[in-house]
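**Q** Sharing a structure with you now.
The values are calculated or read from the model by the stated rules, or taken from the named source; none is laboratory data. Quick caveat: nothing in here was measured; it's all calculated off a predicted structure. We place every Cβ from the backbone using ideal geometry, glycine too, and count neighbours over all the protein chains shown. Calculation scope for accessible area: heavy atoms of the full protein, side chains included, ligands and nucleic acids excluded. Shrake-Rupley method; radii C 1.70, N 1.55, O 1.52, S 1.80 Å.
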Amino acid sequence: MKLVIAIVQKDDANKLQRAFVKNNIRATKLATTGGFLSEGNVTFLIGTEEEHVEDVLTIIKEKSQAREEYVQPNLIPTGMELNQPVQVTVGGATCFVVNVDEFRRF
Amino acid sequence: MKLVIAIVQKDDANKLQRAFVKNNIRATKLATTGGFLSEGNVTFLIGTEEEHVEDVLTIIKEKSQAREEYVQPNLIPTGMELNQPVQVTVGGATCFVVNVDEFRRF
Amino acid sequence: MKLVIAIVQKDDANKLQRAFVKNNIRATKLATTGGFLSEGNVTFLIGTEEEHVEDVLTIIKEKSQAREEYVQPNLIPTGMELNQPVQVTVGGATCFVVNVDEFRRF
Ligand code: NI
Ligand code: NI
Ligand code: NI
């Protein structure tokens, strides 16, 4: 038995959680960081058999890896011309796999 | 030294915490999930000697295992007859025991 | 690879986080406990090579160990004489070092 501790961006957490459900992976979602920080992250704890660790990591990668996106800057009605979209890096996941001596559900 | 990571329902967290205190078990309570989700959970981190792991797990089981309860549905003053109590599953705990290479308190 | 799970007092979290940044230590800050509890704590997850574990622990100790401080009690305009400063214990850190089978960043 292994425990995967995965830290992902808050914006990716919901789709990752749906992917876990769809793949019958029991994941526990811990809290996001500080309420008013937009860069909040979400931690998932996933207990899984050793043989399924790679599947879990693959799903995390698919749903939350860092990637470039173009975002439209906030529009301010100043009469100025429209701002150009800006390229930003979003997402990203940090995963620790640790050995579990015992796993119990009550 | 072992680390027990226990995830329990928010409603069971306080009585579990009192049981830890009563039994001289040092437990650190982490945050609940999303503010407005009623199904929030609480994570406890408990560092304990290997010989006391079973005691810790027993306390967690006693205070937070899944069980059936009857709840009265919200009463709405519609003039309709009183709703029947509804059986729901409450509680439940997920516990991971991992080995600790080093434990330090500063 | 090791995972250091460090639980520190909320008041020490910011300076500890700055020390991690200054020392090129990647730390993930998890959420504090219950919003309105002033005694909230903060959990850091730090993935680090085995050879740097002691450095990480030293930084945590330096920035967040328990110590005595004198605090001025809240002043209440009652016309009574000024309260004496009160000695309180602040800070404190609990650290678990666990072995990491695999570490992945996506
Ligand atoms: Ni299987
Ligand atoms: Ni003992
Ligand atoms: Ni190095």
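**Q** Say R0 is 30 Å: what FRET efficiency, to the nearest 0.05, do A:VAL90 and C:PHE103 get from their beta-carbon distance?
**A** 0.85
**Q** Given a Förster distance of 45 Å, report the FRET efficiency between C:ARG67 and B:TYR70 from their Cβ-Cβ distance, rounded to the nearest 0.05.
**A** 0.30
**Q** Among the aspartates and glutamates, which fall within straight-line cross-link reach of B:LYS22, defined as a Cα-Cα distance under 17 Å, with same-chain neighbours fewer than 8 residues apart omitted?
**A** Cross-link targets: B:ASP12, B:GLU54, B:ASP55, B:GLU62.
**Q** If you don't mind, there's one more thing I want to ask. Please report the net charge: other residues with Cβ closer than 12 Å to the Cβ of B:LEU16, K and R +1, D and E -1.
**A** That works out to +4.
**Q** Long-range amide H contacts for B:ALA93: which residues qualify at under 5 Å (H placed 1.01 Å from N, peptide plane, sequence gap of 5 or more or a different chain)?
**A** When sequence neighbours closer than 5 places are left aside, the close amide H contacts are A:PHE106, B:ALA66.
**Q** Additional query: What's the total accessible area buried between chains B and A, using a 1.4 Å probe, rounded to the nearest 100 Å²?
**A** What B and A bury together is about 1600 Å².
**Q** Now, a different point. Looking only at other chains, what is the average number of their beta-carbon atoms within 10 angstrom of each beta-carbon in A:9-17?
**A** That works out to 0 on average.
**Q** Then there's this: Give me the lysines in straight-line cross-link reach of B:LYS15: C-alpha distance below 25 Å, same-chain residues under 8 apart excluded.
**A** By straight Cα distance, B:LYS15 reaches A:LYS29, B:LYS2, B:LYS29, B:LYS61, B:LYS63, C:LYS10.
**Q** How crowded by other chains is A:86-98, given as the mean number of beta carbons from other chains within 10 Å of each beta carbon?
**A** Per-residue shielding by partner chains comes out at 4.
**Q** Moving on to the next point. Please give, to one decimal in nm, the separation of the simple spin-label points placed at C:LYS10 and C:HIS52, each 7 Å out from Cα toward the Cβ.
**A** Result: 3.0 nm between the two label points.
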